[in-house]
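Down below is the structure, laid out as structure tokens.
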Amino acid sequence: PPETLRTEGLASPPSGFVDLRQVLPEARFAVAYATDVNFVGAVLPGYGAPGAWLRASAAHSLREVSRAAAARGLGLIVYDAYRPVRATEAMWRWAGHTGNRWLFDDGWVVRRSRHNTGIAVDLSLTGVDGRVLDMGSPFG
């Protein structure tokens with residue numbers, strides 16, 4: 001099951017998953033959980049391998065979205081895709097230790113999400129110049 005996948009050190013995604021960099025070569029990637037520039041201030045467990053992975057069916061659907069966006073002069077920027085359960089648990093521990101449980105209480109992060117199963121992606125749109133479009137949120 002995806003909840004137990006170990007991705008550190010793997011050169012390619014596990015069976016049934018694809019690397020979005022291969023499926024969406026035109027997209028930009030800013031996977032902050034693989035860096036210390038995110039809300040917890042540290043690389044999250046399970047983000048030791050570069051890339052953004054999804055189950056093959058979700059990735060191929062996202063390719064269609066990317067093509068539709070390109071036809072309108074837009075591009076995609078991917079912030080997150082498959083998220084190991086241990087990463088979500090690290091977020092939960094951080095929130096509890098720092099008094100930031102409101103992130104979970106208000107629904108910004110959930111204890112189990114579709115990210116944990118490899119069928120969810122956080123993304124935004126970019127213009128023809130590559131700049132992220134204003135989507136009305138402070139994120140992005």
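Brief remarks on what is shown
- Qualifying residue in the range 22-44 (condition: surrounded by fewer than 19 Cβ atoms within 10 Å (Cβ to Cβ), farther than 26 Å from N100 by Cα and without any contact (Cβ under 8 Å) to a residue 40 or more places away in the chain): yes
- Number of positions in the range 61-74 that are over 22 Å from I119 (Cβ atoms) and in contact with a strand residue (DSSP E or B) (Cβ under 7 Å, 6 or more places away or on another chain): 1
- Look at the range 83-98: where a residue is over 16 Å from T35 (Cβ atoms) and a partner is part of a helix (DSSP H, G or I) and among the aliphatic types (A, V, I, L, M), sitting 6+ places away or on another chain with Cβ atoms under 8 Å, you get A95/L103.
- Filter result for L74 (crowded, with 20+ Cβ neighbours inside 10 Å, in contact with a Leu (Cβ under 7 Å, 6 or more places away or on another chain) and of a type in the set (A, V, I, L, M)): no
- Scanning the range 29-56 for residues that are under 11 Å from Y82 (Cα atoms) and at pLDDT below 90 turns up G46, Y47, G51.
- Every residue from the range 22-60 that is in a helix (DSSP H, G or I) and closer than 17 Å to H115 by Cα: A32, Y33, A34, A56, S57, A58, A59, H60
- Considering only residues in the range 101-119 that are part of a loop (DSSP other than H, G, I, E, B) and in contact (Cβ under 8 Å) with a residue 40 or more places away in the chain, the one that is least open to solvent (accessible area, probe 1.4 Å) turns out to be G118.
- Residues of the range 83-100 satisfying the condition of being surrounded by fewer than 14 Cβ atoms within 10 Å (Cβ to Cβ) and either of a type outside the set (K, R) or in a loop (DSSP other than H, G, I, E, B) (or both): G96, H97, T98, G99
- When D129 is tested against (1) surrounded by 13 or more Cβ atoms within 10 Å (Cβ to Cβ); (2) among the charged types (D, E, K, R); (3) part of a loop (DSSP other than H, G, I, E, B), just one condition goes unmet, and that condition is (1).
- Residue that is modelled with pLDDT of 95 or more and surrounded by fewer than 16 Cβ atoms within 10 Å (Cβ to Cβ), where the choices are E8, E64: E64
The values are calculated or read from the model by the stated rules, or taken from the named source; none is laboratory data. Values in this document were obtained by computation on a predicted structure and should not be read as measured data. A quick note on method: Cβ atoms are made from the backbone with ideal geometry, for glycine too, and the neighbour counts reach across all protein chains shown. Surface areas here come from the heavy atoms of the whole protein model, side chains and all, with no ligands, DNA or RNA. Shrake-Rupley method; radii C 1.70, N 1.55, O 1.52, S 1.80 Å.
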